1. Scan the stretch 45-98 residue by residue and report those that are buried (at least 19 other Cβ atoms within 10 Å of the Cβ) and among the charged types (D, E, K, R).
2. For the stretch 131-174, please list each of the strands (runs of 3 or more DSSP E) lying entirely inside it that holds at least 1 residues being hydroxyl-bearing (Ser, Thr, Tyr) and either without any contact (Cβ under 8 Å) to a residue 24 or more places away in the chain or touching a Lys or Arg at 6+ places or on another chain (Cβ under 6 Å) (or both).
3. Step by step: first the residues of the stretch 137-165, then only those that are modelled with pLDDT of 95 or more and of a type in the set (Phe, Trp, Tyr), then the one that is surrounded by the fewest Cβ atoms within 10 Å (Cβ to Cβ). Which residue is that?
4. With (1) part of a strand (DSSP E or B); (2) touching a Pro at 6+ places or on another chain (Cβ under 8 Å) as the list, and residue 115 as the residue in question, which single condition is left unmet?
5. Yes or no: residue 74 of a type in the set (Asp, Glu) and over 18 Å from residue 41 (Cβ atoms)?
Amino acid sequence: MISAGCEQVVRVRFSDALVKITERSTIQYLNVHDSKDVEVLSLWNHDYLNVRGNNPCYLRLPGRTLILFVTGLDFDGGQAIVHLADTSTRQVEEFPAYDSHIGSCIGGAESNQSERIVSLDGNLLTIEATLSDRHFTYLIDLSGPRFVRESSDFKHGDGTVEHFVYEGGKAPKA
């Protein structure tokens, strides 16, 4: 559709029996710097904007009828929202993860980018992610549900490692 100097394009990026991931682009011909893309996860006739990660953009929780996906812009802090969708009841719970990087590496196809569930001990979910020289561990309490903590290690070129902890998903104040 073209109108008033802009064009909107919708491209299906991924689809399976559960979700559809679309990329919705608005191209502003009069001001190309104002153009924008929005990644959308559609689940049970509901759209979730700014989904993080790569196809399929969700993780299945072992032994449960739950999937986990995350929305919120990666580059604009304080926007991470974790969604837990129950595939048997079609209910979705969501809770903030604030400044956390969770979800950014879901579906990573490259060897230096991945996100996976490491353990589910009772209601305590542990997810690990790798992105280039960074390693992340996310801890979620499913009984709340709530985001407990992100811890990460960043390996510098000189071999030194810097460790960060985001309690409740909030970056420490400088």
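The values are calculated or read from the model by the stated rules, or taken from the named source; none is laboratory data. Remember, it's a predicted structure, so these values are computed and weren't measured experimentally. Every residue, glycine as well, gets a Cβ built from its backbone with ideal geometry; the counts of neighbours run over all protein chains shown.
1. Across the stretch 45-98, the qualifying residue is only 52.
2. Once the strands (runs of 3 or more DSSP E) in the stretch 131-174 are filtered for at least 1 residues that are hydroxyl-bearing (Ser, Thr, Tyr) and either without any contact (Cβ under 8 Å) to a residue 24 or more places away in the chain or touching a Lys or Arg at 6+ places or on another chain (Cβ under 6 Å) (or both), what remains is 134-141, 146-155.
3. Among those that are modelled with pLDDT of 95 or more and of a type in the set (Phe, Trp, Tyr), it is 147.
4. So residue 115 meets the others, but not (2).
5. no
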